[in-house]
1. Taking the condition within 27 Å of Arg111 (Cβ to Cβ), surrounded by 19 or more Cβ atoms within 10 Å (Cβ to Cβ) and among the acidic types (Asp, Glu), does Glu10 pass?
2. Within the set of pairs 6+ apart or on separate chains, which have a first residue in segment 51-68 that is among the polar types (S, T, N, Q), a second that is modelled with pLDDT of 95 or more and not in a helix (DSSP H, G or I), and C-beta atoms under 9 Å apart?
3. Taking the stated definitions as given, is Glu81 acidic (Asp, Glu), closer than 22 Å to Leu28 by Cα and at pLDDT 95 or above?
4. Restricting to segment 30-65, and then to whatever is assigned to a helix (DSSP H, G or I), of a type in the set (Ser, Thr, Tyr) and at pLDDT 95 or above, can you tell me which residue is surrounded by the fewest Cβ atoms within 10 Å (Cβ to Cβ)?
5. Would you mind stating whether Ser69 is over 18 Å from the mean Cα position of the chain (by Cα), surrounded by fewer than 16 Cβ atoms within 10 Å (Cβ to Cβ) and of a type in the set (Gly, Ala, Ser)?
Amino acid sequence: MSKEEILRSERRFIHLLLNDMQLVKRWLDSDLDIEDFETGHKAVLEQIKNSYEEGFLLTRDTFMTYVSSANPSPKHKIAHEVTFDTCFAAIAKNGDYPALEKQIISNREIRKRENALNPLKDSIRNTKDNGALADLLRTGADKLCPDKKCSENKLTLFLACSPKTGPVLVRV
């Protein structure tokens, strides 16, 4: 899934949360956390959560009041405004919620696995021998799949290394 597809699915998910109190409750009761989303969406999600706890859905005016209270630069204020407006204008139906939730969980798992490989990629980049590759072969299963559910996600990773580019991770 490309970065733009990830952002699009998150926007659609947030759109649902901006329009349905029951879906906000469902999200808060799920194992999805604000940290599972892209950075640009976290402020909106935080305010959706705060609004829900106060008993109402987040509105644009309420969100912009929150943003303004932090005294952001004009550039950051506009960025938050555009993020909210883009999420609000996204097209999704309540029936899309399960599929969008599943996509976000899948993206979270992929991000975790990629982050687990970062030390190995750095080691390969900084080592003249193939010690890091041997480490990958010895402990790769644990690093790539700590929860032992790789086969369920049908995720295959290839690690290639060249002196020019360093390690390259390919997902298929």
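1. For Glu10, the condition - within 27 Å of Arg111 (Cβ to Cβ), surrounded by 19 or more Cβ atoms within 10 Å (Cβ to Cβ) and among the acidic types (Asp, Glu) - is met.
2. Ser51/Leu57; Ser51/Leu58; Ser51/Thr59; Thr62/Phe56
3. Here the answer is no, as Glu81 does not meet what is asked.
4. Among residues in segment 30-65 that are assigned to a helix (DSSP H, G or I), of a type in the set (Ser, Thr, Tyr) and at pLDDT 95 or above, the one surrounded by the fewest Cβ atoms within 10 Å (Cβ to Cβ) is Thr65.
5. Yes; evaluated as a whole, the condition is true for this residue.
Residue by residue, here is whether (1) at pLDDT below 90; (2) out of contact with any strand residue (DSSP E or B) (no Cβ under 6 Å at 6 or more places or on another chain); (3) not assigned by TED's automatic domain parsing to the domain that holds Gln22 holds:
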position	(1), (2), (3)
Ser68	no, yes, no
Phe88	no, yes, no
Pro98	no, yes, yes
Ala116	yes, yes, yes
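The values are calculated or read from the model by the stated rules, or taken from the named source; none is laboratory data. Since this is a predicted model, take the numbers as computed values, not measurements. Virtual Cβ from ideal backbone geometry, glycine too; neighbours counted across all protein chains shown.
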